[in-house]
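Everything below concerns the one structure shown next.
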Amino acid sequence: MISVAAIDARIWQAIVAGAFVAIGWIVNGWQNRRVAAALRAERTRDVHRALYAEIASCLANLDSPEALAAYRDAMAARMRDDPGFVPLIPRERNDTVFRALVAEIHILPRVTIDPVVSYYSQLFAIEAMIADMRGERFRALEPERRIAMYEDYIALKVQAFHDGHFALRMIDAYATDGRNGAMEEEARITREISAGFDTAGAAARAASRISSPGAVRSGRSPE
């Protein structure tokens, strides 16, 4: 006949074994979450770096709002002097990286995904405008209407310059100081705009740094 003490010992053995199994599940789950968070942070960093490089390259090609305005005025003057002149608008492709990563764009934190999407939305508007200006209907327009359309086209590029500069600053701030740093940078940009500062003036300098020092660091996990 099995004694009560023997039964109690078996119960305690089962309890201890169950406790070890439960602890193993907890530790394993914690380790899995830690690995997943590290992989997500690494992928966020990679996506940020790739987008930063593409945006910076485009900003470098745009040069500056002042350069764009000067080119606009020169082209408008030529169209006025020669009513038969129709500028050839080249096709552009400044979103190759974005299109390749669009399925993963959701891994970015809100503080950077918003300015990035805003910038690329502006590029899509420019592409649509270019398609219209390369058509026969544009060639058939009166000179003043062609000029107005061309000026709108340059205005879209100027806005893309500002949007791109904003996206670069937000990516850099997030890579350096995480979500809080990016939110502080966003507030700083808002204050600069309210004060009338030319926040895009630094965009040319940012664009010349194809890889931001901050973006090289491991990205924070999205918050």
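As for region 163-184, it holds at least one residue that is farther than 21 Å from C58 by Cα and among the aliphatic types (A, V, I, L, M).
Take the conditions (1) over 24 Å from H48 (Cβ atoms); (2) in contact (Cβ under 8 Å) with a residue 12 or more places away in the chain; G164 misses just one of them, which is (1). Across region 117-155, the number of residues qualifying as more than 19 Å from R72 (Cβ to Cβ), acidic (D, E) and modelled with pLDDT of 95 or more comes to 0. Within this structure, V35 fails the test of being modelled with pLDDT under 95, within 29 Å of H162 (Cα to Cα) and assigned to a helix (DSSP H, G or I). Highlighted here are the helices (runs of 4 or more DSSP H) found entirely within region 43-154 that include at least 2 residues which are surrounded by 15 or more Cβ atoms within 10 Å (Cβ to Cβ) and without any contact (Cβ under 8 Å) to a residue 60 or more places away in the chain: 96-101, 110-133. Within region 167-189, the set of residues being β-branched (V, I, T), under 16 Å from Y52 (Cβ atoms) and surrounded by fewer than 24 Cβ atoms within 10 Å (Cβ to Cβ) comprises just one member, T176.
On inspection, V86 does not qualify as under 29 Å from E184 (Cα atoms) and among the aliphatic types (A, V, I, L, M).
The values are calculated or read from the model by the stated rules, or taken from the named source; none is laboratory data. All values derive from a computational prediction rather than experimental measurement. Counting neighbours? That spans all protein chains shown, and the Cβs are built from the backbone with ideal geometry, glycine included.
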